[in-house]
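What follows is a single structure, written as structure tokens, with notes after it.
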Amino acid sequence: MPAADTIFALSSGAPPAAIAVMRISGPDSVNSAEALAGSAPAARRASLRTLRDASGEVLDRALVLVFPGPDSATGEDLVELHLHGGRAVVRAVSAALAALPGLRPAEAGEFTRRAFLNGRMDLNEAEGLADLLSAETEWQRRAAGAMMGGAFSRRIEQWRQEVLVLSALTEAELDFSDEGDVETQNNDIISEGCMRLHDAIRTLVEAPGVEKLRDGLRVVLGGPPNSGKSTLLNALVARDAAIVSDIAGTTRDVIEVPVSIGGIAFLFLDTAGLRDATDDRIEAIGIERTRAAMDSADILLWLGEEGTGPAHPHLVEIAAKADDPTHARKGPDAVTVSAKTEEGMAQLVATLTDIAKGLLPPPDQFAINARQRDLLAQCASALAQMAEADDWLITAEHLRQARLALDALTGRAHTEDLLDTLFGRFCVGK
């Protein structure tokens with residue numbers, strides 16, 4: 001259903017710019033275009049118009065486009081004004097629109113929220129759009145594009161239809177099991193169908209999530225004092241992010257540096273040097289934080305003696321300071337580097353990206369977030385419990401719970417708090 005009021009906002013980048021796109025959505029959008037331009041052009045046809053305010057003063061010469069609802073971005077009548085992108089022009093047109101009855105400035109994410117409420121996109125596609133707008137790396141862009149394009153939603157709808165079929169078979173057992181002319185031997189079909197769905201959903205739940213793409217893989221540099229961690233960090237991020245000194249214990253706290261390498265987001269963490277004992281209370285706190293950082297690392301670069309690093313599934317032995325004739329050598333599986341001469345740096349970067357590709361969702365495929373993962377886990381749990389049920393009423397209830405979780409994923413079932421949180425991520429023009 002269309003909203004009772006009409007909203008407007010700048011939907012392009014902040015001025016000054018070559019062009020500024022002012023978007024208007026709602027029942028009075030076409031009337032507002034006529035009020036400023038004198039007349040509205042034919043639907044979906046860009047037309048040059050002179051825009052004037054209520055006093056007749058010329059505001060701008062602009063392209064005007066009209067998109068009648070429901071076949072528009074928001075599902076409502078929508079107008080775009082393609083203005084010259086100066087600040088004064090944008091301010092003047094905004095003021096003229098605000099003076100029209102029934103119009104008001106849009107709130108953050110309100111255009112996208114109306115698109116969702118009018119069925120132009122579901123929650124998953126909206127979340128994909130939010131991720132696309134904030135994407136900074138190529139892998140983030142591709143994963144967000146797949147989510148926004150509806151790949152995940154189509155998978156959910158397929159599973160939902162399968163649950164509906166299983167629910168119908170269960171209802172047949174409940175309603176007609178005592179009637180001889182109705183086939184009710186559906187036990188195996190229902191049980192096998194539920195477990196097949198459960199296994200498919202659990203596979204997705206356990207796959208790498210979007211958080212690693214968004215926040216970056218945590219790469220921790222660990223080792224004893226003066227092992228070259230800070231120097232290597234600066235070389236990896238191509239700037240002086242950490243203080244480098246020959247004095248042991250220079251790094252006292254964890255230093256975090258985000259960087260994109262090969263289209264993949266990494267978060268490099270330089271840490272305090274590890275040693276068995278210290279009388280310095282501040283250094284002791286730094287060492288404790290180093291151990292916590294290594295425990296949470298996705299990848300651990302170990303610059304200490306070979307074989308002395310903590311157990312970690314993605315530990316990379318680093319033989320640092322290769323330019324120093326006295327540097328500690330390591331076995332053939334280690335990466336030998338020199339941050340000063342750049343020896344081995346290309347190999348280290350290649351090693352990092354190779355490991356990262358195994359920890360991230362495949363490119364061009366969607367990746368689910370925490371909300372989606374929790375709801376899928378609820379659905380899988382309901383399906384697993386159904387397999388243990390020995391009463392058709394209980395089976396029907398578990399299937400209903402599974403269906404509700406899938407409905408919540410796409411937004412068929414939602415709360416206002418959820419919508420406020422989601423659409424609050426968008427800028428005003430979206």
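The values are calculated or read from the model by the stated rules, or taken from the named source; none is laboratory data. Predicted model, so just to flag it, every value in this text is computed and none were measured. No Cβ is skipped: glycine too gets one built from the backbone with ideal geometry, and neighbour counts run over all protein chains shown. In case anyone asks, the SASA skips ligands and DNA or RNA and just uses the protein heavy atoms, side chains included. Shrake-Rupley method; radii C 1.70, N 1.55, O 1.52, S 1.80 Å.
Structural remarks
- Positive-pole candidate from L204, S230, P105, dipole of the range 90-233, charges at beta carbon: S230
- Rg and Dmax [Cα atoms of the range 287-341; Å; Rg one decimal, Dmax integer]: 12.1, 34
- Net charge of neighbours whose Cβ lies under 9 Å from the Cβ of V64, counting Lys and Arg as +1 and Asp and Glu as -1: 0
- Spatially close lysines, pair count over the chain: Cα under 16 Å, gap of eight or more or interchain: 5
- In the chain, Rg over Rh equals 1.11, where Rg is the alpha-carbon radius of gyration and Rh the Kirkwood radius from pairwise Cα distances.
- Inter-label distance for A238 and A370, nm, one decimal - labels placed 7 Å from Cα along Cα-to-Cβ: 3.2
- For the range 322-401, the calculated P(r), taken from all Cα-Cα distances in 5 Å bins from zero up to the bin holding the longest distance, is 3, 12, 12, 11, 8, 8, 7, 7, 7, 6, 6, 6, 4, 2, 1, 0 percent.
- Fully extended contour minus Cα-Cα distance, from I282 to R44, at 0.36 nm per residue: 79.1 nm
- Simple rule: put +1 on each Lys or Arg Cβ and -1 on each Asp or Glu Cβ in the range 283-381, find the dipole, and look at A367, A339, W302; the Cα lying farthest toward the positive end is A367.
- Ranking of D270, D199 by solvent-accessible surface, largest first: D199, D270 (1.4 Å probe, protein heavy atoms only, all chains present).
- Carbon/sulfur fraction of accessible area - the range 255-411, other protein chains in place, 1.4 Å, %: 50
- Among the GluC sites (Glu not before Pro) in the range 125-160, those located in a DSSP loop and surrounded by at most 13 other Cβ atoms within 10 Å of their own Cβ are E136.
- If you bin all the Cα-Cα distances of the range 1-68 at 5 Å, starting from zero, the percentages per bin are 4, 16, 23, 27, 20, 9, 1, 0.
- With each label modelled as a point 7 angstrom along the Cα→C-beta vector, the E57-A292 pair spans 5.8 nm.
- For the range 19-159, the equivalent ellipsoid derived from the Cα gyration tensor has semi-axes of 32, 17, 13 Å, listed largest first.
- Sorted into 10 angstrom bins from 0, the C-alpha pair distances of the range 317-365 split as 25, 42, 20, 10, 2 percent.
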